[in-house]
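These notes concern the structure reproduced below.
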Amino acid sequence: MQTLTNKRILLGITGGIAAYKSADLIRRLRDQGAEVQVIMTKAACEFITPLTMQALSGKPVHIELLDPVTEAGMGHIELARWSDVIVVAPATANFIARLSHGMADDLLSAICLVAAVPILIAPAMNQQMWLNAATQANIQNLAARGIILAGPASGMQACGETGPGRMLEPLELVAAVNGLFETRALDGKHVLVTAGPTQEAIDPVRFISNRSSGRMGYAIARAAQEAGAEVTLVSGPTAIPAPERVKYVPVKTAEQMREAVLAQAAKQDIFIAAAAVADYRCAEIAGEKIKKTAADLVLTLRKNPDILAEVAQLPRPPYTVGFAAETTAVKENALIKLRSKGLDMIAANRVGDGLGFESDENSLEVLWDGGTISLELTSKDKLARQLIDIVARKYNEKHPPQSY
Ligand code: CTP
């Protein structure tokens, strides 16, 4: 079972002998489904070659801050935005000191300063350096800023001394990275998600559908599962595999989706409707394949039930989150939908011009009665995790955990 599917990890390698373990760390992270991009300091290149790291990560290694070629490809700002997490392993005493002081004179430290994602550091150094008051003060400073410390372990060191300062083993670091994605924000909650398009049959071989890939809904299901929820995913036909550890209910038509959702709705705490449900179905489905004899073919379409609105109108509805795809006046139109359907929250995106359905990236305007948050253009996976964080926060405000 892969635990880091679709996670984007920036691995910073600084100049310590433990850099050789980082080669194995890349493989272990990729084994878990993560995408890894490597940034090396100049000193790190003295211990292990960028070529090794490039071969293992399958991507170019980034070293220079002021390299016109690299900056033209994926510059330091884009790299920081690309990542879900930054892992610095090994982190030397020197790098820790520089990070602590907010230096930005090489690529790795500049990225750490730019990044709005969690940073995890795995110190590796001689035990005296680790125990030195200066290093300890720097570590405390970093901890106060929310930088996460993994290790160091105690034991035999490369310099022949014994004590604290060994970098954690690659598998221990993978476990620490896994831990970063498990927020527990929805621990034990039941979350129902719809995703993908629906297909409405015309005859035995043809149907009406839309361009929804299902990626956003699947990413939401995965993010909710990682936040500790028991997730049911009701999905129209897509080309992507069902997320692991999620109850998967495949459907084809809007009516089947409605039935599956209503059968589950009563036991759910949260309902997130990310599916692009076909608004209309054929009033009559031809029993036989329609022959192309007529010059014009007229199909009568009948409106499908609005599953989201129906769930929101249940006597005891779950916390209900809808989506809105808009080409203009995104916020205004979304607000109208929020109110008319009686939703708790709506996530609106701008579609058209290459945005939305078939793209890997998206941005969202999240609105509820009395508030709004803009989530900037990023991968659908990252967006899903940000959305789940907001949903969890608003859900808990509406249903404060019982205290005894
Ligand atoms: N939805 C649903 N059942 C439908 C239609 C839509 O559950 N029959 C849900 C979608 O999953 C999504 C939201 O409702 O969460 C979208 O609402 P909709 O009114 O269809 O908005 P748009 O797709 O933006 O379409 P339009 O503005 O054209 O009405």
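Observations, loosely collected:
- Looking at 163, 214, just one residue is open to solvent by less than 40 Å² (accessible area, probe 1.4 Å) and farther than 27 Å from residue 281 by Cα, and that residue is 163.
- Members of segment 322-338 found to be within 12 Å of the ligand (Cβ to nearest atom) and in contact with a Leu (Cβ under 7 Å, 6 or more places away or on another chain), listed by number: 322, 334, 338
- Test: residue in segment 169-181 that is part of a loop (DSSP other than H, G, I, E, B) and open to solvent by less than 40 Å² (accessible area, probe 1.4 Å): no
- Residue check for residue 317: of a type outside the set (Ser, Thr, Tyr), within 11 Å of the ligand (Cβ to nearest atom) and either surrounded by fewer than 18 Cβ atoms within 10 Å (Cβ to Cβ) or not assigned by TED's automatic domain parsing to the domain that holds residue 276 (or both): no
- Segment 259-300, subset within 13 Å of the ligand (Cβ to nearest atom) and closer than 12 Å to residue 202 by Cα, residue most open to solvent (accessible area, probe 1.4 Å): 280
- If the condition is being in a helix (DSSP H, G or I) and crowded, with 18+ Cβ neighbours inside 10 Å, then segment 365-393 contributes 380, 381, 382, 383, 384, 385, 387, 388, 390, 391, 392.
- Residue within segment 336-345 that is surrounded by 16 or more Cβ atoms within 10 Å (Cβ to Cβ), part of a strand (DSSP E or B) and either at negative phi or free of Cβ contacts under 8 Å to residues at least 60 places away in the same chain (or both) present: yes
- When we screen 285, 272 for residues that are part of a loop (DSSP other than H, G, I, E, B) and within 23 Å of residue 237 (Cα to Cα), the only hit is 285.
The values are calculated or read from the model by the stated rules, or taken from the named source; none is laboratory data. Computed from a prediction, not measured in an experiment: that's the story for all the values here. Note: ideal-geometry Cβ built from the backbone for every residue, glycine included; neighbour counts use all protein chains shown. Just the protein is used for accessible areas: all its heavy atoms, side chains included, with ligands, DNA and RNA removed. Shrake-Rupley method; radii C 1.70, N 1.55, O 1.52, S 1.80 Å.
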